[in-house]
Number of protein chains: 4
Amino acid sequence: MAIKATALQEAVYRANMELAASGLVMGTFGNLSAVDRAAGLMVIKPSGVPYEKMTPADMVPVSLKTGDVIGVAPRPSSDTATHLELYRAFDCGAIVHTHSEFATLFAQTSRVIRCMGTTHADYFRGDVPVTRPLTPAEIDSEYERNTGLVIVETFRGNKIDSREVPAVLVAHHAPFAWGPDPAKAIENARVLEFVARLEWRGQTMAPDAHRPDRHLIDKHYLRKHGPRAYYGQ
Amino acid sequence: MAIKATALQEAVYRANMELAASGLVMGTFGNLSAVDRAAGLMVIKPSGVPYEKMTPADMVPVSLKTGDVIGVAPRPSSDTATHLELYRAFDCGAIVHTHSEFATLFAQTSRVIRCMGTTHADYFRGDVPVTRPLTPAEIDSEYERNTGLVIVETFRGNKIDSREVPAVLVAHHAPFAWGPDPAKAIENARVLEFVARLEWRGQTMAPDAHRPDRHLIDKHYLRKHGPRAYYGQ
Amino acid sequence: MAIKATALQEAVYRANMELAASGLVMGTFGNLSAVDRAAGLMVIKPSGVPYEKMTPADMVPVSLKTGDVIGVAPRPSSDTATHLELYRAFDCGAIVHTHSEFATLFAQTSRVIRCMGTTHADYFRGDVPVTRPLTPAEIDSEYERNTGLVIVETFRGNKIDSREVPAVLVAHHAPFAWGPDPAKAIENARVLEFVARLEWRGQTMAPDAHRPDRHLIDKHYLRKHGPRAYYGQ
Amino acid sequence: MAIKATALQEAVYRANMELAASGLVMGTFGNLSAVDRAAGLMVIKPSGVPYEKMTPADMVPVSLKTGDVIGVAPRPSSDTATHLELYRAFDCGAIVHTHSEFATLFAQTSRVIRCMGTTHADYFRGDVPVTRPLTPAEIDSEYERNTGLVIVETFRGNKIDSREVPAVLVAHHAPFAWGPDPAKAIENARVLEFVARLEWRGQTMAPDAHRPDRHLIDKHYLRKHGPRAYYGQ
């Protein structure tokens, strides 16, 4: 008898399939999780299972507190410990990890994605930051957990609100993005890739171009977010 | 009973759907309007409505003179005031706003798209200009209207004929293009993207390459436009 | 009663449709012709007719000697006089003109496409040349014919065999390619675009990279062409 | 009566068709072979046969020892002698040769693909090397065999383990990749193209960016390979 998947497993499954079709991931790379804070758990993609073989019941429930897999389930994504640290520190409902090409490029070269225009400001209220590299000790032991901790350190150290800038570049690695729900997390990952592509092109043509006035960034961000938003119906 | 859409609403709806399929817009970004000068109104896409849910009757009629929505309608595009100023100043029948990647790149880096060859000259008789940045005061109050005014200022200040160069880059933001009708406006937006892509590539390889002789630009523009055109049947 | 198309018109029609599907042309830009030297005529695409409306009988027969349209036919491509000069000077059976993006980039920046590797040498035995710019006088009178003449001048002046390098870049304009038949002309235009793309990328990363040894270029060219070819069955 | 293909011919045929659909090859360029070491033979794609006309029985068995075609078969790929030298020197089950655009770019400019991040390290434990150019003598006589020998020389001279770095760039030519079986060889060729694309973009934006710490490269490589791998189920 087939195992019945929960609603959260269904949602995480559908979002991972959407991610696979988005062009943001390569092969089985990339993973998406969502959280149920009341139940104290997150659900995440299993590790290295081909997308065409995954089912909703394969999505792995993991305790937010202990990191243990709940019940009988496949091995969770190798990046599970990273997701857990982000849920513990950030106010978000879903997290996505991709190797999307242009965001990964900035991660690989340890560069922030500057906020150069209104397309960026519509989604991210300022530059998308890059972490410091992990130390050899952080790599050798609890690598994935330390990846999460260095992300949190980056936001806290630079006083960036993770709700206003819902993405990060892990140095030499790749991006993470998040949002209140899986659809928003994927949308943020898509726009992250778009603005990374623009910023790469800008850097290759006009490395001295500067950011717009702070007024313009705030204007566009606040047109779409917060109590005074006036975009949409 | 369903509201019956006017012919102009139908045309604007169809053109917005074509725009969505063109690859020139991302998500619900981008909008297209058309004008009925005899009736004193323009019709524009509603704000933030997913393309798959839009119907012709959702297209919003707006008074050219007052900017007021005519009748009961969804909220119009947040860029409505920009379109209005362009119709008031320019001789055109339709306007399109996109975030197409390469034209946006030039907008973000505040650079004109130089007329580097005959593909450009077939559509635009010279460089596509970029506006000055808006001032903080222009951003804080009537931002969208001021965007239109700064576009008009750019054409008048540089003595550019908006019929001969039917597109502009708004600094740090994105492009607008126009034409006598929606199909021509979209075609101009497509070619704008094409020549922006070429000019970006040229700048990254050969920043010292210079524009062709003015004779060649005029030759190609006038082969396709004006009383002595000899292209086509 | 529908006009019956000749075999050459059929072939030129099919090749123009293949060209439209190739991604090498934009809109109605681009054209392909083929020659029947025994009959003293070439057949070429009509000017500015949308691809979806063209029929084989619309392909225009033109006298190789006089340049006159033969019989009742649509207006031929505005580039007809260029094709005629190439057929008069070069040993080829079909000519294609595109605005393919990367070859056009090299034309716009007046740069040759250097022979940097074996992919290039499999098709072109050396650099693809670029013409000098046309003079104002050459632009003002018989522009299209002078375009053909300056291409021929480029090959003769640089002692390039048009069979071994079946393509050229017209300064500030776009490429032409040719071959013994329409299929080969299109294949050469495709490979031209491929090697232009590679050379642009090489120039942006490693402008000092140099061409391979002449031995390697000849080895690859002669593996596929001439009496000692040993590629294929 | 149709010739019955062996299981190895079937596998090589299917993999070549997958290669043709992968976007890694252009036209009939590119070829894939697989080896049966117990039987002392490899099977490889025939030379210059259009993909749509190939059948499993057209795949050519070649003696590993003598290089002779076994039985009645089409002429094998012109790169056959290169494949043979690689099988003789390297511990692999399948080899693929492509002209994929970005890997070819590095080959054409004689540059290694540096290991700049975790996506690269997941597949290749360090830089992907480039061979020295062949000498005129090596080009004039036994060109394809010498191509194989210079690849082997590159790995031995630089003490690179061909299992840990299953790809190479042949100077001025194009890449080869390999793996334990055809699927893995194609996957390695795909990832090679991906990391080449990233490294080109990095070089054009941030030529001074440096490789990550060796710890990070080993961590990612060993997460997926070897006795202590913990990725997947």
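The values are calculated or read from the model by the stated rules, or taken from the named source; none is laboratory data. Note that the coordinates shown come from a computational prediction; the quantities given were computed from them, not determined experimentally. All Cβ positions, even for glycine, are placed from backbone atoms using ideal geometry, and neighbour counts span all protein chains on display. The protein model used for the area step is the full one, side chains on, heavy atoms only, and it has no ligands, DNA or RNA in it. Shrake-Rupley method; radii C 1.70, N 1.55, O 1.52, S 1.80 Å.
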Over what distance in Å are the Cα centres of the range A:94-132 and the range A:52-72 separated? 29
With every protein chain in place, the residues of the range A:91-123 shedding 40 Å² or more of accessible area versus the chain by itself (probe 1.4 Å) are A:99, A:101, A:105, A:108, A:109, A:111, A:116, A:118, A:119
MRE, 222 nm, helices only [DSSP H, n ≥ 4, -39500 (n - 2.57), over chain A, to nearest 500]: -12000 deg cm²/dmol
In the range D:84-180, which trypsin sites (Lys or Arg not before Pro) fall in coil by DSSP and have 16 or fewer other Cβ atoms within 10 Å? D:159, D:163
In angstroms, what radius of gyration and Dmax does the range A:4-131 have, counting Cα atoms only? 15.5, 48
Under unit Cβ charges (Lys, Arg +1; Asp, Glu -1), what dipole magnitude, rounded to 20 debye, does chain C have relative to its Cα centre? 540
Of A:128, A:116, A:96, farthest towards positive along the dipole that unit charges on Lys, Arg, Asp, Glu beta carbons give the range A:84-163: A:116
If you take every DSSP beta bridge fully contained in the protein assembly as shown, what fraction is antiparallel? Give it as a percent rounded to 5. 95
Rounded to whole Hz, the Karplus (6.51, -1.76, 1.60) HN-Hα couplings of the range C:12-23, x for glycine and proline: 5, 4, 4, 5, 5, 5, 4, 4, 4, 7, 7, x
Mind pulling the angle between the C-alpha long axis of helix D:214-224 and the longest principal axis of chain D? Nearest 10 degrees, somewhere in 0 to 90. 40
With a probe of 1.4 Å, find how much accessible area the range A:90-233 has per residue, and write the answer as a whole number in Å². 35
So the FRET efficiency between residue B:156 and residue B:135, C-beta based with R0 = 25 Å and rounded to 0.05, is 0.90
Which percent of the accessible heavy-atom area of the range D:126-198 goes to carbon and sulfur, probe 1.4 angstrom? 50
Stokes-Einstein D for the range D:119-171, Kirkwood Rh over Cα pairs, 25 °C, 0.890 mPa s (µm²/s): 209
Where in the range C:133-154 does accessible area fall by at least 20 Å² between the isolated chain and the complete protein assembly, at a 1.4 Å probe radius? C:136, C:139, C:140, C:143, C:144
Cα extents of chain B along the three principal axes, largest first (Å): 60, 49, 31
From the label point of residue C:156, set 7 Å from Cα along Cα→Cβ, how far away are the matching label points in the other copies, in nm, ordered shortest to longest? 5.6, 5.6, 7.9
If one compares the long axis through the Cα atoms of helix D:80-89 with the longest principal axis of the Cα atoms of chain D, the angle in degrees, nearest 10, works out at 60
Loss of accessible area when B meets C, both sides summed, Å² nearest 100, probe 1.4 Å: 2900
Using the Cα centre of the range A:32-147 as the reference point, and only Cβ charges (+1 on K/R, -1 on D/E), how large is the resulting charge dipole? Debye, rounded to the nearest 20. 160
Sticking to Cα atoms, compute the Rg of the range A:145-233 to one decimal and its Dmax as the biggest Cα-Cα distance, whole number, in Å. 14.9, 42
Compute the label zone of residue D:112 within the range D:168-202: residues whose backbone N is under 14 Å from the point 7 Å along Cα-to-Cβ. D:168-169
Only Lys, Arg (+1) and Asp, Glu (-1) charged, at Cβ; the range A:97-233 dipole about Cα centre in debye: 560
In short, the range D:188-211 residues buried by 50 Å² or more of accessible area relative to the isolated chain (1.4 Å probe) are D:194, D:198, D:200, D:201, D:204, D:205
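Which FRET efficiency value, to the nearest 0.05, do you get for residue A:36 and residue D:183 by plugging their Cβ-Cβ distance into 1/(1 + (r/R0)^6) with R0 = 35 Å?
Numbers: r = 38 Å, r/R0 = 1.08.
About 0.40, to the nearest 0.05.
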For the protein assembly as shown, fraction of C-alpha pairs farther apart than 47 Å, in %: 32
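In what order, largest first, do B:187, C:199 sit by accessible area if the probe radius is 1.4 Å?
B:187, C:199
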Mind putting together the pair-distance distribution for the range B:95-194? All Cα pairs, 5 Å bins, whole percent per bin, short to long. 3, 14, 25, 27, 20, 7, 3, 1, 0
